[in-house]
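Report on the structure given below.
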Amino acid sequence: MNYLGVGSRVKHPAFGDGVIIRLHVAAYEVCFTQFGLKMVGKEYSNWTVVEHIPAEEPVTFSEAEQSLAKVLRAWAGVSLEKVELGDRWKNGKMVLQADGVQPKEIPIDTFFHKIVMMRDRLRVLEQQVNAHKKLDDEDKVNLQQYITRCYGSMTTFNVLFKNREDYFVGDSGKE
């Protein structure tokens with residue numbers, strides 16, 4: 001899609017002549033000569049473009065959605081992306097067994113969900129430490145190193161993840 005930029009002139013079949021004055025995620029804000037400000041969806045195609053000025057940085061809905069998801073992950077402690085269990089583990093079970101004790105079976109996907117929640121909470125903790133106003137830089141570095149070692153301890157569970165980019169990474173995986 002070739003998006004219009006601010007300053008583009010258009011002729012709308014109902015509102016007449018107008019100029020795009022602002023870009024929004026899914027719409028243009030257009031100032032029409034006779035009807036004032038109106039929002040027109042970016043996918044609208046029934047108008048005539050009198051003068052096309054290219055958008056400097058087109059923002060699509062999916063780009064805005066990705067940005068919002070990133071912010072929510074950073075501050076809400078919620079994993080919005082779907083972290084997938086490796087195919088070979090689907091419908092599997094984990095058996096905990098000790099001598100003289102009845103074995104305990106846990107669905108692997110339930111265990112995997114707990115691991116993903118732990119990873120997300122470690123990420124939030126990491127961000128809160130980095131943003132903390134009362135901790136000095138040395139304290140932040142020390143706590144950050146401890147969190148990184150926690151990630152390292154969790155690398156055993158990487159075998160459960162379908163995608164490599166979801167893995168836990170400890171000290172040896174950092175540059």
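A few remarks follow.
- Annotation note: Cβ proximity below 9 Å between a residue of region 90-116 that is without any contact (Cβ under 8 Å) to a residue 12 or more places away in the chain and more than 20 Å from MET154 (Cβ to Cβ) and a residue that is polar (S, T, N, Q) and exposed (fewer than 13 other Cβ atoms within 10 Å of the Cβ) (sequence gap 6+ or interchain) occurs for PRO103/GLN97; LYS104/GLN97.
- Of the residues making up region 82-103, none is surrounded by 10 or more Cβ atoms within 10 Å (Cβ to Cβ), among the aliphatic types (A, V, I, L, M) and assigned to a helix (DSSP H, G or I).
- If only residues of region 151-161 that are within 20 Å of GLY92 (Cβ to Cβ) and surrounded by 16 or more Cβ atoms within 10 Å (Cβ to Cβ) are counted, the one that is nearest to the chain's Cα centre (by Cα) is PHE161.
- Among the residues of region 1-37, those identified as in a loop (DSSP other than H, G, I, E, B), β-branched (Val, Ile, Thr) and surrounded by 12 or more Cβ atoms within 10 Å (Cβ to Cβ) are VAL6, VAL25.
- Considering residues of region 38-68 that are modelled with pLDDT under 65 and surrounded by 14 or more Cβ atoms within 10 Å (Cβ to Cβ) only, the residue farthest from LEU4 (Cα to Cα): VAL59
The values are calculated or read from the model by the stated rules, or taken from the named source; none is laboratory data. Keep in mind that this is a model prediction, so the values were computed, not measured. Quick reminder, even Gly has a Cβ in these numbers, built from the backbone with ideal geometry, and neighbours come from all protein chains shown.
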